[in-house]
């Protein structure tokens, strides 16, 4: 696995403060990402501040994590930015919160149709799938991604 370099670091003055991936956002998830073959993966600790019910990860936080890992797949594998047009989640079992829990978010490109990408995402704890989603993104042209969304490419560490 290779760690993905966050291409938006240094754009804080331009407004980069993503709730999911900005490392400087004090309220954010501070997610980081790795490329694992065809997949994009993130490992994250669901602390107790993200509960929906007692010791259970909030479903909205799960949706955020799924959307974010899918967007990073677009950035790394398709080298552009995109907009989520559909997010369909199946919550299969509760995800616990706490310091000793590691959540794995894993995204894979299922298919690409013109400007749309369909991505499958799973959230797992200890190898058990807890939630899964199908996401559809509208992918921007590389020119629009560069000019309007400050996309400069998405590379991995060497």
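Each value in this text was obtained by applying a stated rule to the coordinates, not by laboratory testing. Remember, predicted model here, so these are calculated numbers, not experimental data. So basically every Cβ, Gly included, is an ideal-geometry build from the backbone, and we count neighbours across all protein chains shown.
For segment 36-50, the residues whose amide N sits under 15 Å from a probe point set 7 Å from the Cα of residue 30 along the beta carbon direction are 43-50.
With the cut-off at 1.5 for a/c, could you classify segment 30-158 from its C-alpha gyration tensor as rounded, prolate or oblate? Note, shape of segment 30-158 comes out prolate.
When 156, 125 are sorted by how many other C-beta atoms sit within 10 angstrom of their C-beta, beginning with the fewest, the order is 156, 125. Separation of segment 24-65 and segment 130-158, taken as the distance between their Cα centroids, equals 18 angstrom. Using the rule -39500 (n - 2.57) for each DSSP H run of four or more residues, divided by the residues of the chain, the 222 nm mean residue ellipticity is -4500 deg cm²/dmol.
Cβ-to-Cβ counts within 10 Å put 16, 43 in ascending order as 43, 16, the fewest first.
Given in Å, the Rg to one decimal and the Dmax to the nearest whole number for the Cα atoms of segment 17-77 are 12.1, 37. Each Cα pair under 8 Å and six or more residues apart adds its sequence gap; the mean of these over the residue count of the chain is a relative contact order of 26 percent. Computed from Cα atoms, the angle from the helix 59-73 axis to the main principal axis of the chain rounds to 30 degrees.
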